[in-house]
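Peer 1: Structure incoming, see below.
The values are calculated or read from the model by the stated rules, or taken from the named source; none is laboratory data. Just so we're clear, the structure is a prediction, and the values are computed from it rather than from any experiment. Backbone-built Cβ (ideal geometry, glycine too); neighbour counts: all protein chains shown. Only protein heavy atoms, including side chains, enter the accessible area calculation; ligands, DNA and RNA are left aside. Shrake-Rupley method; radii C 1.70, N 1.55, O 1.52, S 1.80 Å.
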Amino acid sequence: MSPMRNSNFSRRSLLRATAGMAAAGTLAACGSNNGRGGSGGGSGTQLTQYFHAYGEAGTEQALKRYAAAYKKANVNTNWITGNNFESALFAALLTSKAPDVFEFHPQLQLVKSGQVADLTDLIDPVKSDFNPNDIKSHTVDGKIYGVRMIDDPQFFFYRKSMLEKAKVEVPTTLDELMEAAAKLTTGKVKGLYMGDDLHSVINPMIWSAGADTLSEKNEIAYHTPGVIEGIKKMRKLFTSGHLLLGAPTESWDPSSLNQGLCAIQFCGMWAMPGIQKALGDDWGVFPFPKTVDSGKQSVYNGGWSMFVNAKGKNVDAAKEYVKWLWIDQKEYQEDWALSYGFHIPPRTSIANG
């Protein structure tokens with residue numbers, strides 16, 4: 001895929017192209033711990049929403065601006081910084097100060113424990129306007145729990161000039177990726193960056209081996225020869241000396257690629273504006289390559305969703321707020337997806353608008 005040249009035109013074009021690449025999946029949490037700020041513009045009912053601290057500038061201010069525009073309740077935003085958003089959220093849900101609404105990822109246990117409210121009545125009228133995979137991933141026993149806010153495809157970014165100089169073609173198999181990492185490692189530059197523990201690429205590696213994490217019966221589905229072979233290759237790659245380890249920033253931040261610390265980096269679509277600003281046209285993207293010959297290339301589609309705390313004190317008011325912001329206010333939904341970083345709106349009417 002070619003990089004963006006004109007911001008407005010290319011964002012729309014890229015939305016359509018990348019949406020076609022995206023495969024269903026979940027995004028590992030990035031960020032968390034501490035920070036409360038009042039932002040509601042209403043009166044009477046008090047609501048609290050939890051968000052992890054997004055890396056893109058302006059995100060916290062945007063969410064508080066949306067909340068301030070809501071007149072039926074005072075909405076406080078708890079902006080959690082650091083690396084423990086999940087633990088901070090789950091700990092809060094056990095207390096009397098639990099949030100009324102919170103962002104997270106679809107999780108079966110949250111449904112089984114009765115922690116998240118059924119939002120089917122909110123989503124059903126606009127169900128056909130959502131990405132079908134986003135509906136499926138939030139549905140349990142015919143009921144929909146959670147509203148998708150953004151979709152975040154993740155893939156490999158690469159420096160065109162570095163690959164051209166090393167005479168390396170864009171990899172289409174995991175073996176080719178390993179070979180490319182070796183050829184691109186020179187001096188202080190490492191060929192490849194996928195995080196320090198390779199956690200972010202485990203699911204794509206499984207999918208690219210032709211397997212899956214779970215079966216339709218929610219049973220383990222990744223005990224296959226292809227996945228075993230992939231794990232062996234990943235271990236070899238991890239110990240090869242061709243991976244960037246101990247980078248100054250985590251892999252969701254494109255700084256390592258932008259600063260020339262690596263030639264290829266696994267990251268998300270949100271990073272495209274920053275990469276374009278830093279590198280101009282000197283970059284491209286490719287999906288996770290085939291793990292084995294019988295596999296196929298895959299793209300990890302992560303994202304964040306909004307849930308209502310079913311055990312909260314103001315469930316109906318919280319549902320009304322979620323409907324107002326994440327279903328009715330398309331202007332805010334588009335702003336959230338496209339103005340801070342770059343994400344795919346889960347609503348088809350917005351993505352194609």
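Peer 1: Based on the Cβ-Cβ distance from Asn352 to Ser161, what FRET efficiency comes out when R0 is 41 Å, to the nearest 0.05?
Peer 2: Efficiency computed from Cβ-Cβ geometry: 0.75.
Peer 1: I would also like to ask the following. Over the chain, what is the relative contact order in percent, taking alpha-carbon pairs closer than 8 angstrom and at least six residues apart? Display every interim value, and only then the final one.
Peer 2: Numbers: 691 pairs, mean separation 93.6, N = 353.
Contact order relative to length: 27 percent.
Peer 1: Any chance you could give the angle, 0 to 90 degrees and rounded to 10, that helix 174-184 forms with the longest Cα principal axis of the chain?
Peer 2: Helix 174-184 sits at roughly 70 degrees to that axis.
Peer 1: Quote the FRET efficiency, to the nearest 0.05, computed for Ala69 versus Asp141 with a Förster distance R0 of 35 Å and r equal to the Cβ-Cβ distance.
Peer 2: With a Förster radius of 35 Å, E is 0.50.
Peer 1: Let me ask another. Rounded to the nearest 10 degrees, what's the angle between the helix 7-21 long axis and the longest principal axis of the chain, both from Cα atoms, 0 to 90?
Peer 2: So the helix axis and the longest Cα principal axis differ by about 80 degrees.
Peer 1: Calculate the translational D of the chain in whole µm² s⁻¹ from Stokes-Einstein, where the hydrodynamic radius comes from the Kirkwood formula applied to all Cα pairs, the temperature is 25 °C and the viscosity 0.890 mPa s. Kindly include the intermediate steps, with their values, before the conclusion.
Peer 2: Working: Rh = 21.2 Å.
In µm²/s, the coefficient rounds to 116.
Peer 1: Summarise the accessible area of the chain (1.4 Å probe, protein heavy atoms) by the percent that is carbon and sulfur. Please report the intermediate quantities before stating the final value.
Peer 2: Numbers: 7910 of 15720 Å².
Of the solvent-accessible surface of the chain, carbon and sulfur hold 50 percent.
Peer 1: I would also like to ask the following. Give me the distance in nm between label points sitting 7 Å out from Cα along the Cα-to-Cβ direction at His199 and Glu176, one decimal.
Peer 2: 3.1
Peer 1: Across region 168-263, how many lysine pairs, 8 or more apart or on two chains, come within less than 20 Å at their alpha-carbon atoms?
Peer 2: 4
Peer 1: Helix 225-238 against the longest principal axis of the chain: what's the angle in degrees, Cα atoms only, rounded to the nearest 10?
Peer 2: Rounded to the nearest ten degrees, it is 80.
Peer 1: Sort the following peptides by mean Cβ neighbour count (other Cβ atoms within 10 Å, averaged over residues), highest first: 251-260, 94-103.
Peer 2: Output ranking for 251-260, 94-103: 251-260, 94-103.
Peer 1: Taking the highest mean first, how do the peptides 46-53, 216-223 order by number of other beta carbon atoms within 10 angstrom per residue?
Peer 2: Working: 46-53: 22.8, 216-223: 10.5.
The peptides rank, most packed first, as 46-53, 216-223.
Peer 1: Give me the 1.4 Å probe accessible area per residue for region 245-353, excluding ligands and nucleic acids, in Å².
Peer 2: Ligands and nucleic acids excluded, the figure is 36 Å² per residue.
Peer 1: Using a 7 Å offset from the Cα along the Cα-to-Cβ direction at both His223 and Gln109, what is the distance between the two label points in nm, to one decimal?
Peer 2: Rounded to a tenth, the inter-label distance reads 2.1 nm.
Peer 1: Which value, in debye to the nearest 20, describes the size of the charge dipole of the chain about its Cα centre when Lys and Arg Cβ atoms bear +1, Asp and Glu Cβ atoms bear -1, and nothing else is charged?
Peer 2: Using only the charged Cβ atoms, the result is roughly 420 debye.
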